[in-house]
Every structure is written in C-alpha cells, then in structure tokens.
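One structure is given below, encoded as structure tokens.
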Amino acid sequence: MVVALTAWLVAIVIVMLVYAGRHWLLTLNRLLGHQRPYMQDIVDDDLPGVTVLVPMHNEEQVADGVLTALLGQHYPADRLEIIPIDDHSEDRTQVILESYAVRDPRIRPIYRRGEGARGKPAGLNEALEAARHEVVLVFDADYQPPPDAVRELALAFFDPEVGAVMGRVVPSNTTSGFLARLLDLERSGGYQVDQQARYSMNLVPQYGGTVGGFRRSVVLSWGGFDPYVLAEDTDLTFRLLVRGWRVAYANKVECYEEAPQTWDARFRQLRRWARGHTQTMFRHWRGVLTSPNMTPAQRVDGLLLLGIYTIPPLILAGLALSLSLFVTGTIPLAATILLSFFAVGYNAFGNFAPFYQVGTAGVLDGMRERLFLLPYLFFMFLFNSWAVTLGALDAVIDVVAGRVPTWEKTARFRT
Amino acid sequence: MKVALLVGLGILLVAVPFLPGVRELRRPRDAEPNRIDETFTRDPRFFGNSLREKLAPFLEGLPELPVVRLAVELRRPETLAVYTELHVPEGAHEDALVVALGAATLERGTRLEEMWIRGDADVGPGAQLRALACDGQVTLGAGARILRWLDVEGNLLAEAGSDLGLSASAAGAVRLSPGCTFRRIWGRPVFVRGEPTETAPDERLTIEDEVVWGRTRLSLPPGFTLDRDLVSLTEVRIGAGASVSGTIKAHGPIFLGEGARVRGHLISRKGVVIGRGARIFGNVFAEGDVELGPGAHVGRKGGTKTVYAGGRVRIGPGGAVLGWLIAERGGRVE
C-alpha cells in the first residue's frame, strides 16, 4: 500500500515536471526562438465574405459597445454580415439589437426563444444555419474589436490548412481592482507567450471562442457544435486537429474584453472552463493519440493541453498523499518540505501562466510597475486550484452519473 | 527569544516579495490596460500622410518669400524651412524640416532630414534623406539613400543601387533598378526595369516529368493542371507551364517553374522560388526568403496583392508585384 502511494506521488511529481519542462520550453522559444509571423501585413482587395457571430444573453450593458465596434470595421460592407444571437434574454438586449438592425442591413439578429437547448454552442449552431459566408468569426458580447480585427482574422483563411484562428485577449477593466489586475497578468502570459510560442513551434495553439473564427463548412460537416459541450472552443480545436486542420494564432490581433471583477464571478467562470475542458479531454484524448494528421510534437502538446485542468486535482491528491504518508510516519519530515516545494513548483511551472511567462510577457508588452504584482499570483494559484478542482470533479461526475451540464454566462460589470 | 526572532525573520522574508506590489496596489502607476491602438488601420502610406497632416497647418498664411524659417513644436522643438522652389547644391546639408511648395532638386551627395516636396523631386546620386513625402514624381539617383521612409503621390523611379529605406510607397508605380535595396514597398505596380535577359537555368527549378507524391517532396510535372488547393508537409515543385487554380501551402519550400500559373496564394513555412515568367494571381506569404524570377508577376491588374517574406526578397529583371512587397530582412533587385 505504502509503495503504491509513494509510486503515485512520484508519478504526480513526474507529471508536474513534464508540465514544467513544457512551460520553460515555450517561454524560451518566445524569448529566444524564431517567431512565426502571422498574415496581418497582407493587404488584399479581394477579401472573403465574413459572418460575425455575437452570442448574447442579457447583454444590455455591453451590446452597444460590441455592435458599434463591429460596424466600424474596415471591411467591405458587401462582404460582412453581423449576427447577434439573442439567447433568451430577459433584459433590453432585443430592443437594442432591433434598433441596430433597422439602422444597418449588415446586422441580422437572431432571437432565440421557447424550447430547445440554450447556451453558446446551441446559439452558434442556429446562427451557422443562417450565416451566408464561409468564414465565421465569433466575438463575445463584452469584446471591443479594433477596426482592423475582422480583416486581420479573416486573412488566416487564405491558408487552406487553417481551420480556425484565434486573436489575443486583453482585459480592458484593469483599473477596476485587484482581481482584474491579476487576470490581466495571467492573460498576458497566456497569450503573449504561451499561445504565440505554441504557434511558432507548430504545436497546438488553441481556438478560444471569443476573438477568433473558423470555417463554417467544416463545422457544419460534423453537424455543428455539440450543444451539451461547455468548452465548445476547445472541442473545436481538437476536432480540427485530429482531422488535419490547424489553428492559427494572431498575436497582433488584440481585442479588449471585460475580465471578471468579483471573485465569485471568476470562480464560476473558471469552474465552468475546467468542467468543459475536462469534458473535452475525455472526448479527444484517444483521437489525439491515434490521429495520423498530427506530428509527434503536436500529439504530446495536445495531450498536455487537454490534461492541463487535471493538474490542480493532482496537486491536491499529491498533497493529501504526502500528508497521509507523513502522518502515518511512513515518510520523514523532509517530505513535507518536498511538499511545499511541490506546491510552489506548481505555481512556477504548472499554472495557466507561470510567473516567468507573465514576466516575459511583461517585458514584451512594456509593462512596468504592474510586474511588482507577480508574487500575488500565488494567491491566484490557490484560488484557481480550488475552482479548477471542483470543475474537473464536475466533469467526472457528469461522465459517471450521465449528468448533462448546462451553460452559465459570466457576469458583466460595465455600467 | 531566539525562536521569536527566527519566526519574525521568516515572516519578513516571506513578505518581502509582496512589498513592492503593495505600493502599486495602493497608488497604481501602471494600472491602465495594455494599449491597443483602436484607431490603427493598415495603411502602407501612413508615414507620408501623417507628415503631410502634421505640417499642413504651418503652411497657411505664410509670406511669399523664397524661404521662410519657422520654429515649430512637433515631437520636439524644430525648425521648419519652407521654400517656394528648392535647389540644394552638391554636398550641401540641411538640418531643418523642409517643405518645398514647388519642385525640388537635390544635387549629388546632399544630406537632408525630413522633407515634404509638393512638386516633383529629383534626388541626386548619393544623396541621403531621412524621410521624404512628395506630392509629385520622385527620381532617386544612383546610390541615393533613404534612411526611414519615402512616400510619393505620383510615380517613383529608383536608379541603380538606391536604398529605399524601411518603407517606400507610391500611389502610382514604383520602378526599381538593379542593386536597389528595400524593406517595404507599396506601388501599383512595383516593378523592375528592363526585360528579362537570358540567365543560366536554375537547377533548383528542375522538375521531373511525372507527378511525385513523396514523403519528402511533392512535384507536379510541366504543363500539369490542378484545379484545387494543394497542402504539403514537405517541399512542393510545380513544373514549367503548369497551372494550379487553387492555393499552394507547403511546410517546406515552394519552387515554381518557368511560366507556371497559380490562381490562388502561395504560402510556405520556408521559402518561395518563382521561376521566370511565372504568374501568381494571389498573395505570396513565406516565412523564409522569396525569389521572384525574371519577368515573374504577382497580383492582377487593378487589384492589390502582397508578397511577404519573413526573410529576404530578391527580384529579377522585369519582375513585378501589384501591391505590397515586404522583406522583413531586406530585399534586393538583381
């Protein structure tokens, strides 16, 4: 028994070290390696038709912002349509959308009411049926795409290998408080370093579902999004990958979003992400292992990406194991020191954006005093670990009990 | 006592990394969001138009004198010299910002900073300018050098060995000569003077007479026609006179034989070599070098396309791009 527990503990440490190696590799690539260019510099007067989808549920606080930004895009009017998807809103969202639709024929809202599956994937499916163009971009309702965002994202689809594209998310409400500032750091590391390095190294950049897009025909060819998947973006990433498509990452296509401002909202968001991501892991790990369309490096990175939300539960398991082995006197005090190292190690190596990734992103982005907040990411790590653990457990329970997850929207804070 | 001291020291050591952050949290100095320029739009002629916009207000109500000197405040205090007609003699030097309301002639070896010429500009051999916006035509003499950028409302003629700086743009045509170097050129079209001359056959462009679907390369024979996109994990070779109606994407280099035609784009994770007289109607995007052979054309009449090279660009005589030509590591006319 003791041998088994010790072996399990060692296995967890090895997994941690693998993630550590991956994060170091990505960071070193971003600092020292060749950076793969994106196509944003291409100027072409023959752009593809684009349908922009904006899923909305009770978005009266932010609907004006995203629609105004989309109407201000530098894109040929006859090749752009905007479909806001009003998904059972109970506030003034519909009124706002109607007023925009009257003013501009590019806006063709869909109002989802009555029975049927709710949530983002179901809404996207309905909109995909109504969409007129092959290139489909998706922005969340709290996003404010700058004027060239649609053009620059659409360029990715000149590449016949690209099935989806993702831009960079930048929190706009960093002055709102401590949480938003930490999330800003986390996002910087995650996009400026992690996503860009994965793109440069031809690994697995991830379609994030908020400032990005995909090919309509490809998604429709497999029947659209699964309405009962919580992380339809990750699901799409891996469906594309195992079929030989690639995801492009456009680091210079930056877009403001509203980061959660309360710990409760962030906890719910993260728990939902972890649940959805783990659900996706259960669906795709075999496909990643066996797909003939992925390189060995993509396979490894894909598996590590799929498993990233299992790390916090593993850490907690490792913690419990160490404690039990210590309490029963099986291992000496030194093990607890190891344990502390382990926890700190995770903060350094296994979190969504370890501190050195954030620091690297900070240097690349020209951050100054905000880098002094890096040590505070330790609290974020503890918070994240708990939220992610619960989310991953949710996913396990979903599988075991046959429970169907329901979509939950992240709260908005704009006034 | 000793224990208390140790505990206190321990707490202090743990707290130290958090202390600088306390100040930032209490009195934020770097709390604004990462800046996204929400007015930015990709405009190859941005520099020239921006300078014109900045200087235009200073030109209103000036006395009619051959030259007027003004103290202006742009990024820093500067002197603005406004000439009705400008002639800079051989070897002369001017530190001020210069505006010429008419034509300008810069003789051999002159040195100037930023200029706005509202007539035509004749830049002599070996002259050196920091930046030039011109509302007429520009002739850059042999060996003339632009340090930053050049923007022309009319046509631009660059003589042999001239350096077009980091960005050169023209609303009209850009005619390059052998030995010209550049980073980014915008023109409708950008082309190299002279007819293609006979050159030694490029061995890299030798392509078999049969289709090769290999693990290390993919090859379409001369005269072959393919009416779809082509994606390859290795290199791609397209034979002379072959025609591809879709886009070619390769993780290795792409070699396009003499007279081949591609209706779509060429996208390579390495380099692209375009043979003599080949035509690409879409964009060319290469993470490595791009070689545009003699008489090869990219783009279509009346349209705008881009050739992007993450590495270097080399253009042969008679080569042309209708739109934007970008060489991140520098380009050169052969």
Just checking, does region B:177-199 include any residue being out of contact with any Gly (no Cβ under 9 Å at 6 or more places or on another chain) and closer than 30 Å to B:G259 by Cα? yes
Could you list, in sequence order, the residues of region B:242-288 that are more than 10 Å from every other protein chain (Cβ to nearest Cβ), surrounded by fewer than 24 Cβ atoms within 10 Å (Cβ to Cβ) and under 21 Å from A:N293 (Cα atoms)? B:G252, B:P253, B:K270
If I ask for residues that are part of a loop (DSSP other than H, G, I, E, B) and facing chain B (nearest Cβ under 9 Å), which ones from region A:154-198 would you list? A:D159, A:P160, A:E161, A:S172, A:N173
Given the criterion more than 30 Å from A:G244 (Cα to Cα) and more than 13 Å from every other protein chain (Cβ to nearest Cβ), identify the matching residue among B:G318, B:G303. B:G318
A:P37 vs. criteria of a type outside the set (A, V, I, L, M, F, W, C) and within 19 Å of A:L137 (Cα to Cα): no
What number of residues within region B:302-315 are modelled with pLDDT under 95 and either farther than 11 Å from A:D44 by Cα or under 14 Å from the mean Cα position of the chain (by Cα) (or both)? 1
What strands (runs of 3 or more DSSP E) completely inside region B:1-114 contain at least 3 residues that are at pLDDT 90 or above? B:77-83, B:86-88, B:97-100, B:104-106
Cross-chain or 6+ apart pairs with Cβ under 7 Å, region A:13-42 first and surrounded by 14 or more Cβ atoms within 10 Å (Cβ to Cβ), then in a loop (DSSP other than H, G, I, E, B) and among the small types (G, A, S): A:M16/A:G350; A:Y19/A:G350; A:A20/A:G350; A:P37/B:G310
For region A:44-86, what are the residues that are within 14 Å of chain B (Cβ to nearest Cβ) and either among the hydroxyl-bearing types (S, T, Y) or surrounded by 20 or more Cβ atoms within 10 Å (Cβ to Cβ) (or both)? A:D44, A:V66, A:T68, A:A69, A:L70, A:Q73, A:Y75
With respect to A:L26, is the statement that it is more than 14 Å from chain B (Cβ to nearest Cβ), at pLDDT 90 or above and part of a helix (DSSP H, G or I) true? yes
Assuming A:A141 fulfils every condition listed in (1) among the small types (G, A, S); (2) buried (at least 22 other Cβ atoms within 10 Å of the Cβ); (3) within 13 Å of chain B (Cβ to nearest Cβ) apart from one, which condition is it? (3)
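Let's see how each residue does on (1) at pLDDT below 95; (2) more than 17 Å from A:L240 (Cβ to Cβ); (3) crowded, with 21+ Cβ neighbours inside 10 Å; (4) in contact with a helix residue (DSSP H, G or I) (Cβ under 8 Å, 6 or more places away or on another chain):
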residue: A:M281; (1), (2), (3), (4): no, no, yes, yes
residue: A:H284; (1), (2), (3), (4): no, no, yes, yes
residue: A:V288; (1), (2), (3), (4): no, no, yes, yes
residue: A:P292; (1), (2), (3), (4): yes, no, no, no
residue: A:L303; (1), (2), (3), (4): no, no, no, yes
residue: A:T310; (1), (2), (3), (4): yes, yes, no, yes
residue: A:I315; (1), (2), (3), (4): yes, yes, yes, yes
residue: A:A320; (1), (2), (3), (4): yes, yes, no, no
residue: A:F326; (1), (2), (3), (4): yes, yes, no, yes
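Here's the yes/no breakdown for (1) more than 20 Å from A:V396 (Cα to Cα); (2) of a type in the set (D, E):
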residue: A:A231; (1), (2): no, no
residue: A:V247; (1), (2): yes, no
residue: A:E254; (1), (2): yes, yes
residue: A:T262; (1), (2): yes, no
residue: A:R268; (1), (2): no, no
residue: A:W285; (1), (2): no, no
residue: A:Q298; (1), (2): yes, no
Quickly run through region A:187-199 and pick out the residues that are touching a residue at least 60 places away in the same chain (Cβ under 8 Å) and touching a strand residue (DSSP E or B) at 6+ places or on another chain (Cβ under 9 Å). A:R187, A:S188, A:G190, A:Y191, A:Q192, A:Q196, A:R198, A:Y199
Among the numbered criteria (1) surrounded by fewer than 24 Cβ atoms within 10 Å (Cβ to Cβ); (2) touching a residue at least 40 places away in the same chain (Cβ under 8 Å); (3) on the phi > 0 side of the Ramachandran plot, which one does A:G209 miss? (1)
Would you call B:E113 more than 26 Å from the chain's Cα centre (by Cα), within 25 Å of B:L164 (Cβ to Cβ) and acidic (D, E)? no
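Every residue, every condition in (1) surrounded by 21 or more Cβ atoms within 10 Å (Cβ to Cβ); (2) touching a Phe, Trp or Tyr at 6+ places or on another chain (Cβ under 6 Å); (3) basic (K, R); (4) in contact (Cβ under 8 Å) with a residue 12 or more places away in the chain, yes or no:
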position: A:G116; (1), (2), (3), (4): no, no, no, no
position: A:G119; (1), (2), (3), (4): yes, yes, no, yes
position: A:A122; (1), (2), (3), (4): yes, no, no, yes
position: A:E126; (1), (2), (3), (4): no, no, no, yes
position: A:P146; (1), (2), (3), (4): yes, no, no, yes
position: A:A154; (1), (2), (3), (4): yes, no, no, yes
position: A:A164; (1), (2), (3), (4): yes, yes, no, yes
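The values are calculated or read from the model by the stated rules, or taken from the named source; none is laboratory data. What you see is a predicted model; the values in this text were computed from it and never measured. All Cβ positions, even for glycine, are placed from backbone atoms using ideal geometry, and neighbour counts span all protein chains on display.
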